[in-house]
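J.: Quick one: this structure, given as structure tokens, is what I'll be asking you about.
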């Protein structure tokens, strides 16, 4: 087992880094350990490269991004655009949870324009539940995750309500930009949409909403309350 404090689960390589990467960088700078799980590589999203070529590039970019913050990086073997909301996926994620034993999990909000994002968010509650049940026998022992939060992603806007605001600093943002731009997509090598500028501006807006310079926001499962915090972890 490779114990971490926070596990971020994304539908494609790059989703975790861009949507909740500021939170990961914030906690890494506080001495915490984090991991990222990519359910697909997102290999069908390049306008000129063949999927096999882009898959190789995305895998390498994901590893480089993880290296920037010392994150453990995991991959599931599903094709881009074909991630099912299945028991197989739930148990695959369950196994990663048991392997890295996070206190907090960050993932996609389900109100998305992208099937892989939606299905990632849909399978997570059961994956966390399965990971916690001692009577479900897998290769590794059960692990209970204290909290799951839904990260803010411009492709997952439908019904997203920010409830947890994590204060982040200019230094956190600088580390996040260094990590995110390991991906050619986020360096705007072939896409005109500037992901980095969008999320930096969003961090400023979320910060203004709660009276701090920068913040990154999360939606919550039912029965949770809005709050501003300097850490997602318990201690």
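The values are calculated or read from the model by the stated rules, or taken from the named source; none is laboratory data. Note that this is a predicted model, so its numbers are computed, not measured. Cβ coordinates were reconstructed from backbone atoms using ideal geometry, including for glycine residues, and neighbour counts include every protein chain displayed.
J.: Taking the range 202-220, which residues are touching a strand residue (DSSP E or B) at 6+ places or on another chain (Cβ under 7 Å) and part of a loop (DSSP other than H, G, I, E, B)?
T.: Of everything in the range 202-220, those that are touching a strand residue (DSSP E or B) at 6+ places or on another chain (Cβ under 7 Å) and part of a loop (DSSP other than H, G, I, E, B) turn out to be 210, 212, 220.
J.: So, in the range 1-49, of the ones that are over 20 Å from residue 61 (Cα atoms), in contact with a helix residue (DSSP H, G or I) (Cβ under 7 Å, 6 or more places away or on another chain) and assigned to a loop (DSSP other than H, G, I, E, B), which residue ends up modelled with the lowest pLDDT?
T.: 1
J.: Under 7 Å between Cβ atoms, which residue pairs at least 6 apart in sequence (or on different chains) link something in the range 83-103 that is farther than 18 Å from residue 10 by Cβ with a partner that is part of a helix (DSSP H, G or I)?
T.: Listed by first residue and then by second, the contacts come to 91/130; 98/131.
J.: Now a separate question. Quick one: count up the residues across the range 109-129 that are crowded, with 20+ Cβ neighbours inside 10 Å and farther than 16 Å from residue 156 by Cβ.
T.: Residues meeting the conditions: 2.
J.: Take the conditions touching a strand residue (DSSP E or B) at 6+ places or on another chain (Cβ under 6 Å), within 20 Å of residue 181 (Cα to Cα) and crowded, with 19+ Cβ neighbours inside 10 Å and apply them to residue 54. Does it pass?
T.: No.
J.: Among the residues of the range 21-50, how many are surrounded by fewer than 17 Cβ atoms within 10 Å (Cβ to Cβ) and touching a residue at least 24 places away in the same chain (Cβ under 8 Å)?
T.: 5
J.: For the range 164-186, check the following and say yes or no: at least one residue is within 26 Å of residue 44 (Cβ to Cβ), surrounded by fewer than 18 Cβ atoms within 10 Å (Cβ to Cβ) and in contact (Cβ under 8 Å) with a residue 24 or more places away in the chain.
T.: yes
J.: From 199, 183, which residue is under 16 Å from the mean Cα position of the chain (by Cα), part of a loop (DSSP other than H, G, I, E, B) and either within 30 Å of residue 56 (Cα to Cα) or at pLDDT 95 or above (or both)?
T.: When all the criteria are applied, what remains is 183.
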